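Below is one structure, written out as structure tokens, with a few remarks after it.
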Amino acid sequence: MQKKFNLKSFNLYEYLKHQNAHSFNLPFFLADRHTYKNAHVNFPFRTFAYGLGITYSGKGDVFKIGSTDYSLKARSLTTIGPGMVCQWAGNYTAEHDTVYFTEELLEGINAKSFLHTLSFFFHGGNHVLQLTDDQVDKLKSLFTTLKMLKDDKDAIPGIVHSMLVLVNSFHALQSNKPKSPTVSRREEITHAFRKLVAQDFTKHKEVAHYATNLSITPKYLSEVLQTELGKSAKNFIDEFVMMEAKSLLKQTTMSIQEICYWLGFEDASYFTKSFKKFSKFTPKEYRKA
């Protein structure tokens, strides 16, 4: 794969389109369980497109977004946006339908502004939602229509926009379900923390910075994260940083020194030590693996 693409411009969306002989003239791409079979993308990768998918089978494959682990089961709806670092844990072989697209697709129908209001495509949003059978059937029908008309460049934008409207309604229903005040507050803190980490991780890697911004104590922040995500605030931050590091090592031609400084480490030896603690490899070894 690295021989075919300059790592400086490696883009998974374009790579998958190329691997599956999909038209580059249309700013969208349909994927299913066969799409990833020969891709061999087993490292954390940065996204350059929007992705919306529904899983029809499976018992809990782990999909990592940033340093949040999501279990993809039957009826899981997944949404990701540009600039996120993601990774599949193991081989993703579940039956599913996914559409990848760029903002360019929606320009003709003036729907880009609507796209930007959908929090589930951005850091801190709810990226995985469990659907009902009825909701699955509705979304599947749109995927069926999209497959039938995948070569009709005039019809595709409207179908994808309909998907976005439908998915937004699913999230709205989920948000309006009655919740206990404690659970709701914990979810709010978790979402806000994840958004802050994505925004500030290159400059701030200390828990106190995020706790202060959220007007809570570092101890309480870690307690919330441990309950909601199964890891402490410090572990979340460190893992987020190292996921970014792995993506940069595999997807760019930046030197290790440049990556070190980009991530906010002043000392390259400390960065190497931290990376090895997290991955068991030095940055140089990981890049070559």
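For the range 106-138, a residue qualifies if it is under 20 Å from the mean Cα position of the chain (by Cα), outside any strand (DSSP E or B) and crowded, with 17+ Cβ neighbours inside 10 Å, and the qualifying residues are Leu115, Leu118, Ser119, Phe120, Phe121, Phe122, His123, Gly124, Gly125, His127, Leu131. From the list Leu131, Leu139, Leu118, Leu149, the lone residue that is under 30 Å from Lys250 (Cβ atoms), among the aliphatic types (A, V, I, L, M) and outside the structural domain of Val241 (by TED's automatic domain parsing) is Leu118. Against the criterion of being among the hydrophobic types (A, V, I, L, M, F, W, C), closer than 30 Å to Glu187 by Cβ, surrounded by 14 or more Cβ atoms within 10 Å (Cβ to Cβ) and not assigned by TED's automatic domain parsing to the domain that holds Lys64, Ile216 qualifies.
Here Phe143 meets each of (1) surrounded by 18 or more Cβ atoms within 10 Å (Cβ to Cβ); (2) in a helix (DSSP H, G or I); (3) within 20 Å of the chain's Cα centre (by Cα); (4) of a type in the set (Phe, Trp, Tyr) with one exception, condition (3).
Can you pull out the residues in the range 57-72 that are farther than 29 Å from Phe201 by Cβ, touching a residue at least 24 places away in the same chain (Cβ under 8 Å) and surrounded by fewer than 16 Cβ atoms within 10 Å (Cβ to Cβ)? Scanning the range 57-72 gives a single hit, Ser57. When Asp134, Asp154 are checked against the criterion of being of a type in the set (Asp, Glu), at pLDDT 95 or above and on the phi < 0 side of the Ramachandran plot, a single residue qualifies: Asp134.
Can you pull out every residue in the range 241-274 that is outside any loop (DSSP other than H, G, I, E, B), of a type outside the set (Val, Ile, Thr) and farther than 22 Å from Thr47 by Cβ?
At the first step, the residues of the range 241-274 found to be outside any loop (DSSP other than H, G, I, E, B) are 241-251, 256-262, 268-274.
In the following step, the residues that additionally are of a type outside the set (Val, Ile, Thr) were identified as 242-251, 257-258, 260-262, 268-271, 273-274.
If the condition is that a residue be outside any loop (DSSP other than H, G, I, E, B), of a type outside the set (Val, Ile, Thr) and farther than 22 Å from Thr47 by Cβ, then Gln257, Cys260, Tyr261, Ala268, Ser269, Tyr270, Phe271, Lys273, Ser274 are the ones that fit.
Restricted to the range 166-192, and to residues that are touching a Leu at 6+ places or on another chain (Cβ under 7 Å) and free of Cβ contacts under 8 Å to residues at least 60 places away in the same chain, which residue is farthest from Thr78 (Cα to Cα)? Restricting to residues being touching a Leu at 6+ places or on another chain (Cβ under 7 Å) and free of Cβ contacts under 8 Å to residues at least 60 places away in the same chain, the top hit is Ile189. Of the residues making up the range 255-262, at least one is out of contact with any Cys (no Cβ under 6 Å at 6 or more places or on another chain), surrounded by fewer than 18 Cβ atoms within 10 Å (Cβ to Cβ), outside the structural domain of Glu14 (by TED's automatic domain parsing) and closer than 22 Å to Phe122 by Cα. Only one entry in Lys219, Lys280 is closer than 29 Å to Asn11 by Cα and out of contact with any Pro (no Cβ under 7 Å at 6 or more places or on another chain), namely Lys280.
If you go through the range 44-63 and pick out every residue that is polar (S, T, N, Q) and within 9 Å of the chain's Cα centre (by Cα), you end up with 1.
The residues of the range 197-209 that are in contact (Cβ under 8 Å) with a residue 40 or more places away in the chain and assigned to a helix (DSSP H, G or I), listed by number, are Val197, Ala198, Gln199.
The values are calculated or read from the model by the stated rules, or taken from the named source; none is laboratory data. Values in this document were obtained by computation on a predicted structure and should not be read as measured data. No Cβ is skipped: glycine too gets one built from the backbone with ideal geometry, and neighbour counts run over all protein chains shown.
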